[in-house]
Structures are given as C-alpha cells and as structure tokens.
Amino acid sequence: MSTTTTPTADPDRTGPSGATTRRTDSPWLRPFRGRESGLLLVVLGILAFLAIRTDTFVTVDNLLVVARQAALVAIIAVGMTFVIATGGIDLSVGSVVALTSVATGFWVISADLPYIVAIPLSLATGLVCGLVNGALIVLTKVPPFIITLGMLGIARGVALGLTSGSTQTGFAPPFLGIGQGSWLGLPIPVWVALVVAVVAHLVLTRTTIGRHVYFTGSNESAAVLSGIRVQRVKMFVYVVAGSLAALSSLLETARLSVAQPSTGVGYELTAIGAVVIGGASLFGGRGTVLGAVLGAVLLSLITNGLIALQVSAYWQQAIQGAVIILAVALNEWRGRRAAAAGRTGDT
C-alpha cells in the first residue's frame with residue numbers, strides 16, 4: 001500500500017531545480033549571499049553616483065520622497081512575488097489600485113463612514129478582485145495572462161464609469177496622515193511596507209502554504225501528485241496580490257489627498273519589473289520578498305535620479321526598460337552559470 005506525502009522542502013534550501021543545499025548561516029542573513037547581494041550593491045552604487053553628480057538628490061527631504069514612493073511600489077511587488085512564484089502573472093494590479101482609490105473616495109467622502117469601517121471596505125475591493133482572478137483562473141483553466149488582462153480592463157472601466165473620469169477630494173486630515181505622516185522620522189508607508197515584507201517573507205519561507213507556492217511554480221504536476229491543493233494555492237496568491245494592491249492604493253490616495261480613477265497606470269509593469277529584477281523567474285518556483293523590495297527601491301531610485309539629472313521625461317521610460325532587460329539578462333546568466341556549476345559539482 002503506497003501513501004502520498006506532501007513535500008516539506010524549504011525554498012531557502014532548494015534551488016529552482018529542487019537540488020538541496022546545506023544551511024550554513026542564519027535564514028535572515030542568507031538572502032544577502034545570493035542574487036540580492038549584487039542588487040544591493042547596485043542600489044548603493046546608484047546612490048553614490050547620484051550623490052556625486054547632483055546636489056539635490058542626497059537630501060533628507062528627497063530621500064524621504066524616494067522612500068515613500070519605493071514603499072508603495074514594494075507593497076504591490078510583494079504581492080506580485082506570490083503570483084510569479086507560482087508561475088502566474090497579474091496584469092490587473094494597476095487597475096485594482098485605481099478602483100480601490102475610487103472606492104476609498106466613496107466610502108470616506110461620499111458615504112462618510114467611520115474610518116474603522118471605510119478602510120476595511122476599501123481593502124476588500126482589492127481582495128474581491130484577486131478572488132475573482134483566482135477563481136476564473138482555476139475554474140476556466142484560461143492562462144492567468146488573459147484573465148488578469150481582462151480584469152485590468154474591467155477594474156479600470158468600472159473606476160472610470162462610476163466617477164465619469166472625475167476625481168474626488170475632501171479627505172480629512174486623520175485619513176491623510178496614513179499617507180503623508182511619519183513615525184520616528186520615517187514615512188508611515190515605509191513602516192507599512194516593512195511590516196508587509198516581513199510577514200510575507202515569513203509566510204513564504206516558514207509556512208506550509210509558502211512552500212506549496214514554490215512547489216506549485218517549480219512543477220505543478222508533481223505538486224498535484226504530492227497532494228498539494230494547487231487550486232487553493234492559486235486562489236491564495238491572487239487574493240494576496242489584489243489585497244496588497246488595494247493597501248498600496250489606500251496609502252497613495254492618502255498621500256495625494258485625492259481619489260482618482262486614472263491612478264495606477266503602468267503599476268503592473270513596474271511591479272513585475274521589480275520582482276524580476278529581484279531575481280524571480282517568470283516560469284515560477286523562484287523569487288524572494290527581499291529581492292522584490294530591492295527591485296522596487298532600484299526602480300524608484302532610477303526614476304527620481306533621472307529627474308534630478310534633468311533627463312527628459314521622454315527618455316526616462318526607455319532607460320527604465322533598458323535597466324529591466326539588463327537586470328533580467330544578468331539574472332538568467334547567473335542562473336545558468338550556477339546550474340552549470342551544480343552539474344559540474346555532481347559529476
């Protein structure tokens with residue numbers, strides 16, 4: 001009589017190919033020995049370059065602006081990490097940001113609900129969008145690219161339709177504080193992003209559902225045969241992505257003091273870029289929260305740095321795209337090199 005057991009591999013101990021590696025250091029320090037270490041050096045190098053080339057970049061006020069922007073991108077990128085780790089993709093997060101912004105304006109301004117009620121209702125907007133994405137992917141077997149592309153249009157269209165393209169203003173100072181305020185010298189969105197990153201890291205590396213996320217992305221067929229409920233895993237990651245997109249939207253709406261259906265354009269590409277720059281594989285099975293956060297910081301530094309260097313806005317997107325391509329190519333080269341070294345070691 002044969003029994004089926006669920007794999008218990010840890011993503012910190014298994015590579016993309018499933019090969020087991022030996023733990024030699026603290027799980028909190030181990031990420032800095034991988035791809036993330038090189039990315040961290042790039043971030044520090046860009047900081048040093050901009051500090052030398054400009055007089056306005058390395059100032060307290062500007063660095064706080066960069067930190068606030070990076071935090072909002074990082075929150076979405078963390079959610080995207082869950083999705084990409086399963087081999088999926090979510091193109092709808094930018095539109096979810098817009099729809100959540102509109103919902104926030106309605107609940108807080110139009111309905112004048114208490115914040116303790118309005119904020120959860122706004123966050124539920126993203127959760128529902130993620131739930132719909134996951135359910136359609138699981139039930140229809142249509143590729144995530146198509147389903148989330150459809151949700152991109154639906155969420156954006158609903159946001160525009162409900163408001164006729166107009167913005168909403170009139171948020172009270174207590175609400176604005178969560179996007180514009182600071183605590184211990186750091187913007188509130190940065191603290192929120194740190195909490196989200198730590199919790200997400202623990203979920204992905206120290207829980208059963210986190211291990212199942214990686215196994216689903218590495219080999220979905222094997223995961224099914226091992227007893228992993230792949231459909232539930234997929235539902236889970238899209239709910240996480242939608243919920244975190246809504247959280248980022250809530251903070252951004254408070255930061256900008258306005259709810260607008262046009263916000264979030266291109267956020268899905270920025271989030272995907274941050275995750276991939278951080279070392280994740282679009283084929284699934286690989287990706288870390290730390291890498292996604294560093295990728296978000298890098299993209300935010302580049303955006304702000306190009307402005308400080310007075311580079312034309314027409315060229316900024318081209319430069320960002322080139323950076324993403326270069327980073328992905330470098331990650332793939334390092335991955336092939338590590339795989340070749342592993343095969344040589346085995347022989």
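For THR59 and ALA329, what is the calculated FRET efficiency with R₀ set at 35 Å and r taken between the beta-carbons, to the nearest 0.05?
0.55
What is the extension gain from SER182 to ALA135, computed as 0.36 nm multiplied by their sequence separation minus the C-alpha to C-alpha distance, in nm to one decimal?
Full extension from SER182 to ALA135 adds 13.1 nm.
In Å³ and rounded to a whole number, note down the convex hull volume per residue for the Cα atoms of segment 281-343.
Per-residue hull volume (Cα only) is 93 Å³.
Rounded to the nearest 0.05, what FRET efficiency is calculated for PHE49 and LEU269 with R0 set to 22 Å and r the Cβ-Cβ distance?
So the FRET efficiency works out to roughly 0.35.
How much net charge surrounds ALA223 when only the other residues with a Cβ under 14 Å from the Cβ of ALA223 are counted, with Lys and Arg +1 and Asp and Glu -1?
Its environment carries a net charge of +3.
Positive end of the charge dipole of the chain (Lys, Arg +1 and Asp, Glu -1 on Cβ, about the Cα centre): tell me which of SER249, VAL237, GLY177 has its Cα farthest that way.
Farthest towards the positive end: VAL237.
Give me the dipole magnitude in Debye, nearest 20, for the chain about the Cα centre, with unit charges on the beta carbon: positive for Lys and Arg, negative for Asp and Glu.
Rounded to the nearest 20 debye, it is 920 debye.
Can you tell me the accessible area per residue over the chain, all protein chains present, probe 1.4 angstrom, in square angstrom?
Here the per-residue accessible area is 49 Å².
Beta carbons within 10 angstrom, averaged per residue: use that to sort the peptides 165-174, 91-100, 201-210, highest first.
Going by the mean number of other Cβ atoms within 10 Å, highest first, we get 91-100, 201-210, 165-174.
Two decimals is fine: what is log10 I(q)/I(0) at q = 0.09, 0.14, 0.15 Å⁻¹ for the chain, from a Debye sum with one equal scatterer on every Cα and no solvent?
So the normalised log intensities work out to -0.50, -1.17, -1.31.
Determine ³J(HN,Hα), in whole Hz, for all residues of segment 132-140 in sequence, where each value follows from phi through the Karplus function 6.51 cos²θ - 1.76 cosθ + 1.60 and θ = phi - 60°; x replaces Gly and Pro.
Per residue, the Karplus-derived 3J(HN,Hα) values read 5, 4, x, 5, 5, 5, 6, 7, 8 Hz.
Could you give each residue of segment 95-106 its phi-based ³J(HN,Hα) in whole Hz, using Karplus coefficients 6.51, -1.76, 1.60 with θ = phi - 60°, and x for Gly or Pro?
Running phi through 6.51 cos²θ - 1.76 cosθ + 1.60 with θ = phi - 60° gives 6, 5, 4, 5, 5, 5, 4, 5, 4, 4, x, 5 Hz.
Counting only residues 5 or more places away or on other chains, whose amide H sits under 5 Å from the amide H of GLY87 once H atoms are built in the peptide plane?
Result for GLY87 returns GLY284, GLY285.
Using the Karplus curve 6.51 cos²θ - 1.76 cosθ + 1.60 with θ = phi - 60°, what ³J(HN,Hα) values do you get for each residue of segment 278-286, in whole Hz, with x for Gly and Pro?
x, x, 6, 9, 5, 8, x, x, 8
The values are calculated or read from the model by the stated rules, or taken from the named source; none is laboratory data. Being a predicted model, the structure only gives us computed values, none of them experimental. Neighbour counts are summed over all protein chains in view; Cβ atoms, including those assigned to glycine, are modelled from backbone coordinates with ideal geometry. Ligands, DNA and RNA are stripped out before the accessible areas are found, and what is left, the full protein with its side chains, is counted by its heavy atoms. Shrake-Rupley method; radii C 1.70, N 1.55, O 1.52, S 1.80 Å.
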